[in-house]
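Read the structure below first, then the notes.
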Amino acid sequence: MTVKFVPCPFNGCTSQRVKSSGRWGWFVSCACGAVGPSADSREGAIEAWNRRFEPRQMSLEVGV
Ligand SMILES: [Zn+2]
């Protein structure tokens, strides 16, 4: 499965990983320590990360 991440806004790195953390669900974690919004699925976490840092879509979507 190929996953495409938006490069990290802090250092431009592309070594993000998706992690799960119990009740908080899934989130994207960057090598530099940045984390994306949590979601209830792996795909959702990736999508949330990408959406959050996509300049064209500034809306922060909250919710699971
Ligand atoms: Zn980073």
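What follows is calculated from the coordinates using simple rules that are stated; it is not laboratory data. All values derive from a computational prediction rather than experimental measurement. Positions of Cβ are backbone-derived with ideal geometry, glycine not excepted, and every protein chain shown enters the neighbour counts.
What is the packing order of peptides 44-51, 9-16, taking the mean over residues of other C-beta atoms within 10 Å and listing the highest first? Could the numbers behind the result be given before it?
Numbers: 44-51: 19.6, 9-16: 12.9.
Highest-to-lowest ranking by the protection proxy: 44-51, 9-16.
Site pair Ser20 and Val3 shows an inter-label distance of 1.2 nm when each label is modelled 7 Å from Cα along Cα→Cβ. When Lys and Arg each count +1 and Asp and Glu each count -1, what net charge do the other residues less than 12 Å away from Ala34, Cβ to Cβ, add up to? Its environment carries a net charge of +2.
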